[in-house]
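Visitor: Got a structure here, written out as structure tokens. Questions coming.
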Amino acid sequence: METLKKFLIIAILLFSVNIVLAFAEDEFKVIIDAGHGGKDGGTSCLGYKEKDITLEVVLLLQKVILEKEQTLKSLLTRSEDKFVSLEDRIVFANQSQGNLFLSLHVNSSQSKKDNGFEIYYNVLSSDEADKENNKENTPLFILWDLAQNEFLKEGAEFADKLQDSIETMFNKGEDKKFSMRNRGIKQSSFILLRGIRMPAVLVEMGFISNVSDEENFKQKEFKEKYVEAIFNAILSYKQKKIQ
Amino acid sequence: MKKVLIILICVLSLYILFKLIKLVLYPNKETAIQYTTQRKSVKLFFVNEDGNLNNENREIITDKTILEDAKICMLELIKGPQKSTLISAIPSSTILRELYIDNNKCAYIDFNKGLIDNHPGGTAGELNTINSIIKTLTTNFEQINSVKFLIDGQEINTISGHIDISEPVELK
């Protein structure tokens, strides 16, 4: 009888551990990065700063994730107005072992007419391609630079989801109150993205140097719609990955 | 009358003597300038109203070497456009400290901190700055195909926190 009792306790324990593990496996970590912060204000227009806009959007996004999707876990590189170096953002993301990295920014151009949103993922430079061919003889710090190379395809997939979702939110349907120019998906060599060991994308949400885009940023409804569009894209990407 | 004539001859002699001494002391200077100085049209790249790069032709007086010509070209780029429809992608407080070209056709450009301290930021604005410099140099000088950016003689990773310029940059 005593043996049976012990056996039952062990069985229950194992079952519980299994459930916890299954739940943990289902968890999808998104590292969300609010561009700039603290002494680095980013771009600005008449005192209205990029660092404040990105933080507000990121905090809203985290709130929506917490409320709507338990299997998504959001981790923020900063949740207040403080300076975090690019190196520290990379280290935080990699140590957190996220499934996805999303960096949010506000754009600026010398031309006041430049407007709209654009989505970036990193480029594989020919130099880096050469280094990748010689991985065995490459010092560790250079390998760190190569981290993003393995995830470019997935980064492109997520960029695609984001573009569709933002385009649908602002430019399709009846309500075109915040209609925005879609500048497309682009590749460039970002100092932040290159060290990230997971699919990574950077969104330039609009131009603070453009009157219309700047007006949009000042409205909470616009930022809430942006958050909804980003949330939908993350969900869609996650569902495709766990299929 | 005779006195005036003597004074005139003396003045003329002194002038000729002065010219002869100058020619003996600095034999090649004038001839070298006359030989190498000529006008050349270069293309400088600025941002147009739509946010793209457009070129503006400008005449520069070329110097003895490609290096000096490249420096003149950069100084003209920093001065900004003459057309009112174009906008400079380089902050006006930027100063060119030095420029040299290595054997791999890479131009090392050393600016003061004005380039980063007064940069308006944004990925688009940063790309405009980088590309206007690279395009101006590579379009006008076939001896240059990449650019390595320095600030006060030191290597930098980025101008305003986005694009990686820790390595020499080429136009893709």
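Visitor: What number of residues within segment B:99-137 satisfy the criterion of being within 13 Å of chain A (Cβ to nearest Cβ), closer than 17 Å to B:Phe46 by Cβ and of a type in the set (D, E, K, R)?
Guide: 1
Visitor: Touching a residue at least 40 places away in the same chain (Cβ under 8 Å), farther than 30 Å from A:Lys51 by Cβ and in a helix (DSSP H, G or I): does that describe B:Thr136? Lay out the reasoning, then the answer.
Guide: Values: touching a residue at least 40 places away in the same chain (Cβ under 8 Å): yes; farther than 30 Å from A:Lys51 by Cβ: yes; in a helix (DSSP H, G or I): yes.
For B:Thr136, the condition - touching a residue at least 40 places away in the same chain (Cβ under 8 Å), farther than 30 Å from A:Lys51 by Cβ and in a helix (DSSP H, G or I) - is met.
Visitor: Evaluate the following for A:Gly173: is it part of a loop (DSSP other than H, G, I, E, B) and at positive phi? Don't jump to the end; show me each part of the working.
Guide: On the way: part of a loop (DSSP other than H, G, I, E, B): yes; at positive phi: yes.
Judged against the criteria, A:Gly173 is a match.
Visitor: Still on this model: Kindly establish whether A:Phe207 is out of contact with any helix residue (DSSP H, G or I) (no Cβ under 6 Å at 6 or more places or on another chain), of a type in the set (Phe, Trp, Tyr) and closer than 30 Å to B:Ile130 by Cβ. Before you say what the answer is, go through the steps one by one.
Guide: Details: out of contact with any helix residue (DSSP H, G or I) (no Cβ under 6 Å at 6 or more places or on another chain): no; of a type in the set (Phe, Trp, Tyr): yes; closer than 30 Å to B:Ile130 by Cβ: yes.
Considered against the rule, which asks whether it is out of contact with any helix residue (DSSP H, G or I) (no Cβ under 6 Å at 6 or more places or on another chain), of a type in the set (Phe, Trp, Tyr) and closer than 30 Å to B:Ile130 by Cβ, A:Phe207 comes out as no.
Visitor: Considering segment B:41-97 alone, what residues qualify as being in a loop (DSSP other than H, G, I, E, B), away from chain A (no Cβ under 11 Å) and farther than 16 Å from B:Thr129 by Cα?
Guide: Selection gives B:Asp63, B:Lys64, B:Thr65, B:Gln82, B:Lys83, B:Ser84.
Condition check ((1) of a type in the set (Phe, Trp, Tyr); (2) modelled with pLDDT under 95; (3) closer than 25 Å to A:His36 by Cα) across all residues:
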{"position": "A:Leu140", "(1), (2), (3)": "no, yes, no"}
{"position": "A:Glu150", "(1), (2), (3)": "no, yes, no"}
{"position": "A:Ala156", "(1), (2), (3)": "no, no, yes"}
{"position": "A:Met169", "(1), (2), (3)": "no, no, no"}
{"position": "A:Glu174", "(1), (2), (3)": "no, yes, no"}
{"position": "A:Ala200", "(1), (2), (3)": "no, no, yes"}
{"position": "A:Ile242", "(1), (2), (3)": "no, yes, no"}
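Visitor: So, one more: Can you pull out every residue in segment A:48-82 that is outside any strand (DSSP E or B), out of contact with any His (no Cβ under 8 Å at 6 or more places or on another chain) and within 14 Å of another protein chain (Cβ to nearest Cβ)? Break it down stepwise before answering.
Guide: Step one: of segment A:48-82, the residues outside any strand (DSSP E or B) are A:50-71, A:77-82.
In the following step, the residues that additionally are out of contact with any His (no Cβ under 8 Å at 6 or more places or on another chain) were identified as A:52-53, A:55-71, A:77-82.
Correct list: A:Asp52, A:Ile53, A:Thr77, A:Arg78.
Visitor: Among the listed residues B:Ile66, B:Ile144, B:Ile61, identify the single one that is hydrophobic (A, V, I, L, M, F, W, C), touching a residue at least 60 places away in the same chain (Cβ under 8 Å) and touching a Lys or Arg at 6+ places or on another chain (Cβ under 7 Å). Break it down into steps so the answer makes sense when it comes.
Guide: On the way: B:Ile66 fails: touching a Lys or Arg at 6+ places or on another chain (Cβ under 7 Å); B:Ile61 fails: touching a residue at least 60 places away in the same chain (Cβ under 8 Å).
Result of the check over B:Ile66, B:Ile144, B:Ile61: B:Ile144.
Visitor: Looking only at residues in segment A:169-202 that are of a type in the set (Ser, Thr, Tyr) and within 14 Å of another protein chain (Cβ to nearest Cβ), which one is surrounded by the most Cβ atoms within 10 Å (Cβ to Cβ)? Spell out the reasoning first.
Guide: The initial filter retains those residues of segment A:169-202 that are of a type in the set (Ser, Thr, Tyr), namely A:179, A:188-189.
Within this subset, residues satisfying the condition of being within 14 Å of another protein chain (Cβ to nearest Cβ) are A:188-189.
Details: A:Ser188: 19, A:Ser189: 22.
So the residue we want is A:Ser189.
Visitor: Please determine, by comparing only the residues of segment B:141-162 that are away from chain A (no Cβ under 14 Å) and outside any loop (DSSP other than H, G, I, E, B), which one is surrounded by the most Cβ atoms within 10 Å (Cβ to Cβ).
Guide: B:Ile151
Visitor: Given (1) part of a helix (DSSP H, G or I); (2) more than 14 Å from every other protein chain (Cβ to nearest Cβ); (3) surrounded by 20 or more Cβ atoms within 10 Å (Cβ to Cβ); (4) in contact with a helix residue (DSSP H, G or I) (Cβ under 6 Å, 6 or more places away or on another chain), identify the lone condition not met by A:Ile90.
Guide: (2)
Visitor: Output the qualifying pairs, or none if there are none: Cβ atoms under 7 angstrom, residues six or more apart or on different chains, first residue in segment A:83-112 and closer than 18 Å to A:Asp40 by Cβ, second residue among the basic types (Lys, Arg).
Guide: A:Phe83/A:Lys39; A:Val84/A:Arg78
Visitor: Return the pair list, or none, for Cβ contacts closer than 8 Å from residues in segment A:52-64 that are farther than 11 Å from A:Glu228 by Cα to residues that are in a helix (DSSP H, G or I), at least 6 apart or on different chains.
Guide: A:Ile53/A:Phe217; A:Ile53/A:Lys223; A:Glu56/A:Lys223
Visitor: Next question, about the same structure. Kindly establish whether A:Asp127 is over 20 Å from A:Thr54 (Cα atoms), of a type in the set (Asp, Glu) and modelled with pLDDT of 95 or more. Before the answer, list the steps.
Guide: Values: over 20 Å from A:Thr54 (Cα atoms): yes; of a type in the set (Asp, Glu): yes; modelled with pLDDT of 95 or more: no.
No.
The values are calculated or read from the model by the stated rules, or taken from the named source; none is laboratory data. Keep in mind it's a predicted model, so treat the numbers as computed, not measured. Note that each Cβ is placed from the backbone with ideal geometry, even for glycine, and that neighbours are counted across all protein chains shown.
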